[in-house]
């Protein structure tokens with residue numbers, strides 16, 4: 001896919017919207033699945049903006065949410081200490097997102113409960129809203145990107 005066709009910010013917003021629809025349809029497993037991508041996309045926006053102006057650095061992390069939230073965010077905090085207060089670590093802990101893996105798309109139904117799905121989607125929404133609006137207000141991304 002060409003860089004001009006990619007947008008982690010848009011993908012995150014789209015996945016969040018769909019995850020909320022899946023929650024309302026009581027599709028807990030797929031809601032958690034998409035919630036993981038919401039968090040992944042939000043963290044990748046930061047990597048893309050602060051570490052490399054294209055998606056190559058973000059793509060190096062693959063779909064490893066634990067590594068993105070850990071190593072990538074720690075690297076950002078070292079290079080840009082101000083980000084430490086804005087984006088605290090371990091945002092996924094205590095939710096299904098801490099155990100998220102894209103391979104769960106093959107799991108049997110019933111892996112996640114309603115409360116786990118609610119918590120995962122809520123946390124993913126929090127992560128997304130902690131990151132994206134600030135980047136828009138700082139002029140780092142355009143609101144048209146969403």
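The values are calculated or read from the model by the stated rules, or taken from the named source; none is laboratory data. Quick caveat, the model's predicted, so the values are computed rather than measured. When we count neighbours, we look across all protein chains shown, and the Cβ atoms used for this are built from the backbone with ideal geometry, even at glycine.
Would you mind stating whether residue 105 is modelled with pLDDT under 95, within 21 Å of residue 25 (Cβ to Cβ) and out of contact with any strand residue (DSSP E or B) (no Cβ under 8 Å at 6 or more places or on another chain)?
On the way: modelled with pLDDT under 95: yes; within 21 Å of residue 25 (Cβ to Cβ): yes; out of contact with any strand residue (DSSP E or B) (no Cβ under 8 Å at 6 or more places or on another chain): yes.
Here the answer is yes, as residue 105 does meet what is asked.
Every residue in the stretch 94-123 that is in contact (Cβ under 8 Å) with a residue 40 or more places away in the chain and more than 16 Å from residue 40 (Cα to Cα), please. Working first, answer last.
As a first pass, look at the stretch 94-123 and keep what is in contact (Cβ under 8 Å) with a residue 40 or more places away in the chain: 96-97, 100-102, 104-105, 107, 109-114, 116-118, 120-121, 123.
Across the stretch 94-123, the qualifying residues are 107, 109, 110, 111, 112, 113, 114, 116, 117, 118.
Residues that are farther than 12 Å from residue 128 by Cβ and touching a residue at least 40 places away in the same chain (Cβ under 8 Å), at least 1 per element: which helices (runs of 4 or more DSSP H) completely within the stretch 1-82 meet that?
8-24, 28-50, 56-60
Out of the residues in the stretch 18-56 that are surrounded by fewer than 17 Cβ atoms within 10 Å (Cβ to Cβ) and farther than 19 Å from residue 96 by Cβ, state the one that is modelled with the highest pLDDT.
Here the residue is 51.
Tell me whether the stretch 113-126 contains one or more residues that are at pLDDT 95 or above, part of a loop (DSSP other than H, G, I, E, B) and either over 16 Å from the mean Cα position of the chain (by Cα) or more than 25 Å from residue 71 (Cα to Cα) (or both).
Yes, there is a match, as at least one residue in the stretch 113-126 is at pLDDT 95 or above, part of a loop (DSSP other than H, G, I, E, B) and either over 16 Å from the mean Cα position of the chain (by Cα) or more than 25 Å from residue 71 (Cα to Cα) (or both).
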